[in-house]
Structures are given as C-alpha cells and as structure tokens.
Amino acid sequence: MKILVLNAGSSSIKYQLFEMPDATVLAKGIVERIGRPDACLKHEYNGNTHQQTQAVEDHEEAMAMILGTLVDARIGVLSNIRDIFAVGHRVVHGAEEFTGSVRIDERVIASLEKYADLAPLHNPPNLVGIRAAMHKLPDAKQVACFDTAFHTTIPQVAYMYALPYEIYETYRIRRYGFHGTSHRYVTSRAAQIMGKRPEQVNLITCHLGNGCSITAVKGGKSVDTSMGFTPLEGLVMGTRTGDLDPAILFYLADKGYSVDQLNDLCNKKGGLLGLSGQSNDMRNLTELAQAGDVRAQLAIDIFCYRIRKYIGAYTAVLDTLDALIFTGGIGENAPLVRQAVCRDLTQIGIVLDPAKNEAKPCKNLPLNTDNSRVKVYVIPTNEEVAIAQDTYQLLE
Ligand code: ADP
C-alpha cells in the first residue's frame, strides 16, 4: 500500500512516498518558492536526486508537479498515480477537538477553517495542501495528523494560563503545545528500545531543531510541554525568544514598537540569532564559539541553560523519570549541547557518559553511565513515518 505524506507550508510542499506497512521510502522531495518564477523541485528516488527550476503559481500547480514527477518514466517511482492509496497530511493545529489523526471529510475541513485563526501562519497553507491533494487525487483517502494531538492529554492544571477564566472560555487561549508527532514518535521508539510499552515509561523528550520544545511524558502520554498557545513559548530557539516576561512587550510598545515589530522581534529576530547577532544555526554557532566568539558562546550557554531549567521542572512534574531523550537536528547531532544540558544533573539521577555521548554511532544507544538512575538516549525523529503509520492504521 502506497501512502504519500505531505507537509504544506506557505511557500513549500514537502513530500515522502512510503510503501506500507514497512515504511520503505520510495521517493521524497520538496517544492520550494511556490508562487514565484524560480520555484524549485528537489526530488530523491532510488539513491538519485533530480532538481528542476520553473515557475509554479500556486499549491495546485506544485501538487501537479509532484505527482507528475512521481509517475515520470525517467525519474518517477509509480506507474500510475492511482497507486497512491492514501495521503497523510501534517496539520499544525487541531485545537481541543482533534486528539488523534482523522480521516478528512467536510466536517474536518470546516473545523480546520475555524482553527485557522489559532495558527494563521500554518493551518491555512495546510488546508490549501489538503484541498490540492483532494482535487488532484480524488480516489485517494486523506488523513490529517495534528502537531497538537499528542498534547491533548495535558491536564488543565498544566494547560491553563492564569488569565481571567473568561479569556479561556471566550478565546480558547490555553497551552496547546506543538511538535506532538515528533514527541509521540520518540516516546514510542524509546519504549521499544527499553523493551517496554509506552504506557510503562516516564520520559522527558527534547525536540531541538530550528524550533525547540520539551515534553514531560507520563505513562506514554504528554502531561506538559514547553510550547504554549503558539510555538513561541518555552525554550530558546533558532529565531524565537521562548519564555519572556510579557511586560517587556508592553514596555517596548510604549517605546513605539508596533505589534508587527514585536511579533518579528520575538519570532524572527530573537533566540540564537538575536543573542549571537550572527546566526540561528547551531552548527555555525558552535564553530564561532570554538574560534572564541563570546556572543556565540553566550547564545549556546543560554540555550542549554533554559533546557536544564525545564528538565528540572519536568522532573518535579513526573513522579519518576526513566529516560531523557534528545531528538531534532541539534538534539541528534550536537554532543556539546547534550553535554552542557546534562551537566550537574546528577542530583536528579542523570549522569551522561562523555565517551558514549561523543561516540559515533550513538543513536538509539544509552549514553548514560552504568550508575545513572535515568537513561539518556538520542533517538532520531521521523515525523513523516509517524504520519504514514497513522494513516495506514486508520485505514487498515
Ligand atoms: P527543523 O526544525 O527545521 O526541522 P532540524 O531538526 O533539521 O530543523 O534542526 C536544525 C538545527 O540542527 C540547526 O540549528 C542546525 O545547525 C542543527 N544541526 C544540524 N546538524 C548539526 C551538527 N552536526 N552539529 C550541531 N548542530 C547541528
């Protein structure tokens, strides 16, 4: 059974075609710069890559380009587009309604339109991708997988902000959390690696990529997470500030900053980029810091300190902790960050073994010392596989 996984953003569509149930990747790629004359398709198939630049007006055209590529006699992997049994869509916001992945029908689409207001940058392009896929693949079944779904188990005591209660009732302002597909995927992989069922494990999962979030997982379920009403809250990220005293924004507004400027400051100009003044990319910052750049080192230090603080908080949330999990581009590839995060966590039972942490390969292996009460793992995330598996299981 062939399942196509789509992740539609405002100007791009990422795709991966899987053969299920083994989740073998048949092809994958991205169309970037949708809406521009120099849009670009990058396509990987059977160990080869193909790149093509052409004008792509909208998401419909991008979908047509992707499907045309998948059945192309030279670089395609399908003989007929009808071989695609189902499409799994990444959708950022499912609000309080969607607690798991669902078959897409008119009712689901109406809900997604309603929640566009909660995730104005993400849900509208997700919907455009869904409509384009439904239009171009009318026979395929369509499934939505939500970034927020895994976090719908967070109890009210953790998801409420201490604003007047009517603000929650009127606007549904609460913690939703994001990166749920990734936190759920690494939770189930961690349980598997430890020879347990997800219900048997308590974890702290750190997803550290361009966006960063950390989740407390109790009995396989999310019970708290650092991203909040939007992905801005919590950890320091590539360009997002993470936690901030909201009064700073009132103060800056008083000084003449507009809402748009404040939004930009917090989402696009903050984080590692703002602190270092140079880059949002951990690889660059690590090199700069090693060459003696003080601001790059400060940015890395603050990034790691914030994670440590959350680990402490989430240890208090969980009654016992079985493992600390690192994932995402930084979590998987930056031993220096893991080392700095785990420093001095001995009192909560986390003792990292420096040699195992630096070793290659280190993925899916315990990186803690033998006497560490808590295990430490790097587990590569794979949101596309999780979406393909959900789609398969829902339709089977
Ligand atoms: P996204 O959230 O966009 O999916 P990724 O999960 O790919 O992003 O993570 C991107 C981050 O991972 C960047 O900050 C990048 O510098 C960092 N990264 C990737 N490889 C390494 C590495 N070898 N060392 C340090 N950081 C790395």
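Consider Ala116 carefully, then state whether it is modelled with pLDDT under 95, closer than 28 Å to Tyr185 by Cα and either of a type outside the set (Phe, Trp, Tyr) or over 19 Å from the mean Cα position of the chain (by Cα) (or both).
Yes: the conditions hold for Ala116.
Kindly list the number of the only condition in (1) open to solvent by 70 Å² or more (accessible area, probe 1.4 Å); (2) in contact (Cβ under 8 Å) with a residue 60 or more places away in the chain that fails for Ile3.
Against the list (1) open to solvent by 70 Å² or more (accessible area, probe 1.4 Å); (2) in contact (Cβ under 8 Å) with a residue 60 or more places away in the chain, Ile3 comes up short only on (1).
Tell me, yes or no, whether segment 368-378 has at least one residue that is closer than 30 Å to His89 by Cα and buried (at least 17 other Cβ atoms within 10 Å of the Cβ).
The answer is yes, given that some residue of segment 368-378 is closer than 30 Å to His89 by Cα and buried (at least 17 other Cβ atoms within 10 Å of the Cβ).
Among (1) in contact (Cβ under 8 Å) with a residue 12 or more places away in the chain; (2) farther than 21 Å from Val201 by Cα; (3) not hydroxyl-bearing (Ser, Thr, Tyr), where does Val351 come up short?
It fails just one condition, (2).
Among the numbered criteria (1) farther than 15 Å from Cys206 by Cβ; (2) in contact with an Asp or Glu (Cβ under 9 Å, 6 or more places away or on another chain), which one does Val376 miss?
Result: Val376 passes all but (1).
Ile66: within 30 Å of Leu112 (Cα to Cα) and open to solvent by 20 Å² or more (accessible area, probe 1.4 Å), yes or no?
no
Do you know which of the residues in segment 239-272 that are touching a residue at least 40 places away in the same chain (Cβ under 8 Å) and within 19 Å of Ile173 (Cβ to Cβ) is nearest to the ligand (Cβ to nearest atom)?
The residue in question is Gly242.
I'm checking my understanding of the structure. Among residues of segment 273-287 that are hydrophobic (A, V, I, L, M, F, W, C) and within 12 Å of the ligand (Cβ to nearest atom), which one is farthest from Gly211 (Cα to Cα)?
Leu285
Would you check which residues across segment 115-134 are farther than 15 Å from Ala8 by Cβ and in contact (Cβ under 8 Å) with a residue 12 or more places away in the chain and list them?
Selection gives Tyr115, Leu118.
Name the residue that is farthest from the ligand (Cβ to nearest atom), counting only residues in segment 183-238 that are open to solvent by 10 Å² or more (accessible area, probe 1.4 Å) and closer than 25 Å to Leu298 by Cα.
Here the residue is Glu233.
Can you report the number of residues in segment 38-51 which are farther than 21 Å from Ala132 by Cα and open to solvent by 40 Å² or more (accessible area, probe 1.4 Å)?
Qualifying residue count for the region: 6.
Among the residues of segment 162-183, write down those that are under 27 Å from the mean Cα position of the chain (by Cα) and of a type in the set (Val, Ile, Thr).
Passing the criteria: Ile173, Thr181.
Considering each residue of segment 343-375, count those that are part of a helix (DSSP H, G or I), within 16 Å of the ligand (Cβ to nearest atom) and out of contact with any Cys (no Cβ under 9 Å at 6 or more places or on another chain), and give that number.
1
In segment 259-277, which residues are open to solvent by less than 50 Å² (accessible area, probe 1.4 Å) and in a loop (DSSP other than H, G, I, E, B)?
The one that is open to solvent by less than 50 Å² (accessible area, probe 1.4 Å) and in a loop (DSSP other than H, G, I, E, B): Gly270.
Check Ala340, Ala334, Ala323 and return the single one that is touching a residue at least 40 places away in the same chain (Cβ under 8 Å) and open to solvent by less than 10 Å² (accessible area, probe 1.4 Å).
One residue alone meets the criteria, Ala323.
The values are calculated or read from the model by the stated rules, or taken from the named source; none is laboratory data. All of these numbers come straight from a predicted model, not from anything done at the bench. Neighbour counts run over all protein chains shown; Cβ positions are idealised from the backbone, glycine included. Ligands, DNA and RNA are stripped out before the accessible areas are found, and what is left, the full protein with its side chains, is counted by its heavy atoms. Shrake-Rupley method; radii C 1.70, N 1.55, O 1.52, S 1.80 Å.
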